[in-house]
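The block underneath contains the structure these notes are about, expressed in structure tokens.
The values are calculated or read from the model by the stated rules, or taken from the named source; none is laboratory data. What you see is a predicted model, and the numbers here were worked out from it, not measured in a lab. Cβ placement follows ideal geometry from the backbone for every residue including glycine, while neighbour counts extend to all protein chains displayed.
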Amino acid sequence: MLNKIWLAFILSAFGFACFNAVYLGDGLIFEQMMQSVFSMAKVTVELSIGLIGLMAFWLGVSRIAEKNGLVSQLSRLLTPVFTKIMPEVPRNHPALGHITMNMAANVMGLDNAATPLGLKAMRSLQSLNPIPDTASNAQIMFLVLNTSSITLFPITVFMYRAQQGALQPTDVFLPILLATMASTLAGFMAVCFVQKINLLRIKSLIILSLIIGFCVAMVTLLITLSVEQLNYFSSVSANFLILLFIVIVLFVGHIKKLNVYDEFVEGAKEGCTIALSIIPYLLAMLVAIGLLRSSGLLDGLLHLITMVVASLNGDTRFVDALPVAFLKPLSGSGARAMMVETMQNYGADSFAGRLAAILQGSTETTFYVLAVYFGSVGIKYVRHALTCGLIADLAGILAAIGVTYLFYA
């Protein structure tokens with residue numbers, strides 16, 4: 001699947017560039033595309049170098065958590081949940097603890113911690129994979145939940161809205177939460193459908209109700225805070241919890257007579273190896289994404305959508321923010337730049353500006369995550385992971401558009 005998708009990206013970008021060169025006389029587009037290739041190659045190395053330190057640190061901490069038993073305790077705590085949606089993972093397996101830590105980091109919006117912990121979880125699941133080059137059901141479920149996970153603290157979006165002059169930068173909090181919940185639910189249901197997971201069990205419904213109830217409680221608490229209060233609360237709580245976790249891991253390791261320094265170093269070595277191993281996979285995907293952007297294909301698609309919606313007498317205001325939706329599954333930094341550009345052009349409190357912010361907070365960079373996570377364990381055949389991930393993205397995009405019309409039309 002990845003082979004076909006990657007080839008389709010490059011061929012479609014080249015074909016559209018040839019169309020521009022022949023019919024629009026834009027011969028310089030090929031130069032722009034080659035500059036994009038060189039730029040993406042440089043970005044790949046920069047991302048990988050930046051990831052080496054993070055991977056080394058968090059996998060060092062994770063190794064100590066494994067050795068001192070904290071990961072196994074987390075596994076036991078979450079076993080009732082994950083045995084229903086990942087039945088091939090044995091009860092109390094360390095992978096369940098790694099998955100829990102990754103999802104907790106995602107919920108808190110801690111990308112720097114979430115990625116290394118997610119890669120560790122993927123490697124733990126790979127140890128159970130009977131076909132090493134093909135994604136297992138558990139790996140697919142984890143990846144889809146990772147790419148669509150609910151984020152309770154989209155502080156970055158609030159900060160950009162504040163910088164662009166929004167009167168109430170946090171007024172998109174509830175729409176973002178609703179959109180990302182739709183994305184998560186759609187991705188989860190899609191995987192359950194394909195993998196024939198029975199969701200009509202009472203325990204599953206109770207767990208789902210508790211998750212929704214927790215989200216509603218958090219909304220009730222946070223929606224009343226100003227951007228300064230929310231930023232302070234998020235910064236203090238998130239960083240305190242991270243430091244507390246690190247201290248607990250080290251302290252428990254010391255109590256259990258572990259040489260925490262040596263264990264940390266061994267884990268850090270593993271992190272360096274993983275970070276270097278993903279460079280080829282990351283390079284391949286970023287080059288394809290760069291060619292799509294520089295060829296003008298995305299702009300052409302937007303123009304086509306505008307024409308179709310206008311011909312049907314529909315409201316075309318949402319089209320102005322669609323570049324964020326198109327780029328988010330492909331490039332997180334590209335989508336962020338498009339969000340800022342949309343707010344600058346139309347205003348942070350405009351319909352398009354708000355929709356761009358909601359889109360940015362409601363979906364994840366699916367192709368990036370898929371390339372990095374599966375690439376780190378050498379998986380070539382992703383099966384239904386990409387399809388279910390894109391279903392989650394589509395649900396998030398449609399929900400973002402819907403709630404924007406509901407709140408701000």
Would you confirm, using the coordinates I've provided, whether ILE401 is more than 19 Å from PHE158 (Cβ to Cβ), assigned to a helix (DSSP H, G or I) and touching a helix residue (DSSP H, G or I) at 6+ places or on another chain (Cβ under 9 Å)? yes
Residue match in the stretch 224-241 (condition: at pLDDT 80 or above and of a type in the set (Gly, Ala, Ser)): no
Sort through ARG354, ARG383, ARG336 and tell me the only one that's in contact with a strand residue (DSSP E or B) (Cβ under 8 Å, 6 or more places away or on another chain), touching a residue at least 40 places away in the same chain (Cβ under 8 Å) and not aliphatic (A, V, I, L, M). ARG383
Options ILE379, ILE397: the member that is closer than 21 Å to GLU270 by Cα, more than 10 Å from the chain's Cα centre (by Cα) and surrounded by 23 or more Cβ atoms within 10 Å (Cβ to Cβ): ILE379
Of ILE279, ILE246, which residue is modelled with pLDDT of 70 or more, β-branched (Val, Ile, Thr) and under 23 Å from ASN106 (Cβ atoms)? ILE246
Going through (1) crowded, with 20+ Cβ neighbours inside 10 Å; (2) farther than 18 Å from LEU359 by Cα one by one, SER277 fails only at (1)
Check whether at least one residue in the stretch 308-317 is at pLDDT 85 or above and of a type outside the set (Asp, Glu), and report yes or no. yes
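Conditions tested, residue by residue: (1) surrounded by fewer than 19 Cβ atoms within 10 Å (Cβ to Cβ); (2) within 18 Å of GLY267 (Cβ to Cβ); (3) modelled with pLDDT of 80 or more; (4) among the acidic types (Asp, Glu).
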| position | (1), (2), (3), (4) |
| --- | --- |
| VAL81 | yes, no, no, no |
| VAL89 | no, no, yes, no |
| ASN92 | yes, no, no, no |
| ILE99 | no, yes, yes, no |
| MET103 | no, no, no, no |
| ASP111 | yes, no, no, yes |
| LEU119 | no, yes, yes, no |
| GLN126 | no, yes, yes, no |
| ASP133 | yes, no, yes, yes |
